[in-house]
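Readers should treat all values here as calculations from the given coordinates under stated rules, not as data from a laboratory. What you are looking at is a predicted structure, and each value in this text was computed from that prediction instead of being measured. Cβ atoms come from the backbone with ideal geometry, glycine included; neighbour counts cover every protein chain shown.
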Amino acid sequence: MQLADSRCCFCSRTVVLQAEATACARCKSVAHIDCLQDAGNSCPACHTAWLNIADVVAYSKRCPSCGAVTSAARLSSCSKCGGQTAWDSYTDYLAAQRKFHRLGVGKAVGGSFALLAAALFAALAVAVLIGHKDLAKTSDEIGRDLADMAGRFMVSFVLFGVAGTSAYLGVRQLTKALPLLRFV
Ligand SMILES: [Zn+2]
Ligand SMILES: [Zn+2]
Ligand SMILES: [Zn+2]
């Protein structure tokens, strides 16, 4: 949780450094550590003993963006890609996990469809390219045949382009889906 630039719930002054403040795990009030100690470690909003947010932070075992196993050092973001790996509470973590799994399923389905479409377009491109052609007999027919071939090449070229783009998008979706689905 971002503490700098928040207002201290005791002295109402702005927190400058993350290290000089702490937050209440129950109500997310922010306080200077010094102010909190002076007030006897009790939250003015919750009227109970101060529960430090850092003590209830939930860390994931994997990064939702790149899938890397998170370090034992318990960092709030992935050391490889900067993805979020810490949540203010276990409940927040569980909500994030549900969201990531749902996103992952969506991307996996989308990616699979894109790959399927790519295969269909590629097959179509091949079919257009090798489509049946009559044996040319006269020079007229040879000319027509060549024009026909050029047309086929153009069409199959476009179809291959669509297939390639679709395959690229599909693979990209699936690559994103994997760490989301494996998120714990
Ligand atoms: Zn203060
Ligand atoms: Zn509180
Ligand atoms: Zn990462």
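Looking at TYR93, TYR168, which is the one that is among the hydroxyl-bearing types (Ser, Thr, Tyr), touching a strand residue (DSSP E or B) at 6+ places or on another chain (Cβ under 7 Å) and in a helix (DSSP H, G or I)?
Details: TYR168 fails: touching a strand residue (DSSP E or B) at 6+ places or on another chain (Cβ under 7 Å).
Going through TYR93, TYR168 in turn, just one is among the hydroxyl-bearing types (Ser, Thr, Tyr), touching a strand residue (DSSP E or B) at 6+ places or on another chain (Cβ under 7 Å) and in a helix (DSSP H, G or I): TYR93.
Going by what's in this entry, would THR85 be described as more than 16 Å from ligand 2 (Cβ to nearest atom), β-branched (Val, Ile, Thr), closer than 30 Å to SER60 by Cβ and touching a Ser or Thr at 6+ places or on another chain (Cβ under 9 Å)?
Working: more than 16 Å from ligand 2 (Cβ to nearest atom): yes; β-branched (Val, Ile, Thr): yes; closer than 30 Å to SER60 by Cβ: yes; touching a Ser or Thr at 6+ places or on another chain (Cβ under 9 Å): yes.
For THR85, the condition - more than 16 Å from ligand 2 (Cβ to nearest atom), β-branched (Val, Ile, Thr), closer than 30 Å to SER60 by Cβ and touching a Ser or Thr at 6+ places or on another chain (Cβ under 9 Å) - is met.
Condition first: more than 11 Å from ligand 1 (Cβ to nearest atom), touching a residue at least 12 places away in the same chain (Cβ under 8 Å), over 28 Å from LEU103 (Cα atoms) and surrounded by fewer than 17 Cβ atoms within 10 Å (Cβ to Cβ). Can you find one or more residues in the range 70-86 that meet it?
no
Looking at the range 25-69, which of the residues that are within 16 Å of ligand 3 (Cβ to nearest atom) and among the aliphatic types (A, V, I, L, M) is surrounded by the fewest Cβ atoms within 10 Å (Cβ to Cβ)? Let's see the steps before the verdict.
Start the filter on the range 25-69 by keeping residues that are within 16 Å of ligand 3 (Cβ to nearest atom), which leaves 59-69.
Checking the rest, the ones that are also among the aliphatic types (A, V, I, L, M) come to 68-69.
Numbers: ALA68: 15, VAL69: 12.
Residue satisfying both the conditions and the ranking: VAL69.
Check whether at least one residue in the range 10-28 is in contact with a helix residue (DSSP H, G or I) (Cβ under 9 Å, 6 or more places away or on another chain), away from ligand 2 (no atom under 16 Å from the Cβ) and within 24 Å of ARG74 (Cβ to Cβ), and report yes or no.
yes
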